[in-house]
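Data block below; observations after.
The values are calculated or read from the model by the stated rules, or taken from the named source; none is laboratory data. Everything quoted here is computed from the prediction, not taken from an experiment. Cβ: placed from backbone, ideal geometry, glycine included. Neighbour counts: every protein chain shown. For the accessible areas, the whole protein counts, side chains as well, though only heavy atoms, and no ligand, DNA or RNA atoms are used. Shrake-Rupley method; radii C 1.70, N 1.55, O 1.52, S 1.80 Å.
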Amino acid sequence: SHAVRLQLVAPDKSAAFDQTLTLATTPQSVTFLRVPLYTAPNQPFPPGTYQLTASTSDATAQSTLTINIK
């Protein structure tokens, strides 16, 4: 298994979401995780360009996805 850190970074560079997961290394392994887009019920994150980043704890892999919240 691998520890993977998942972060949603706001336009001001603060972490809107930050969680570390332990994932299995088998090819058929699937993990689902809901990333909240609200600070509280009916209060979405402020509009802007966010970065969703997943990186392994040993820094061997990283992936980033840009999310535009309107």
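Quick one: in segment 1-15, of everything that is aliphatic (A, V, I, L, M) and under 9 Å from the mean Cα position of the chain (by Cα), which residue is surrounded by the fewest Cβ atoms within 10 Å (Cβ to Cβ)?
L6
Enumerate the pairs (first residue in segment 15-31 and closer than 16 Å to Q62 by Cβ and of a type outside the set (F, W, Y); second residue anywhere and part of a strand (DSSP E or B) and open to solvent by 90 Å² or more (accessible area, probe 1.4 Å)) with beta-carbon separation below 7 Å, excluding pairs fewer than 6 apart on the same chain, so at least 6 apart or on different chains.
Within 7 Å, the pairs are T20/R5.
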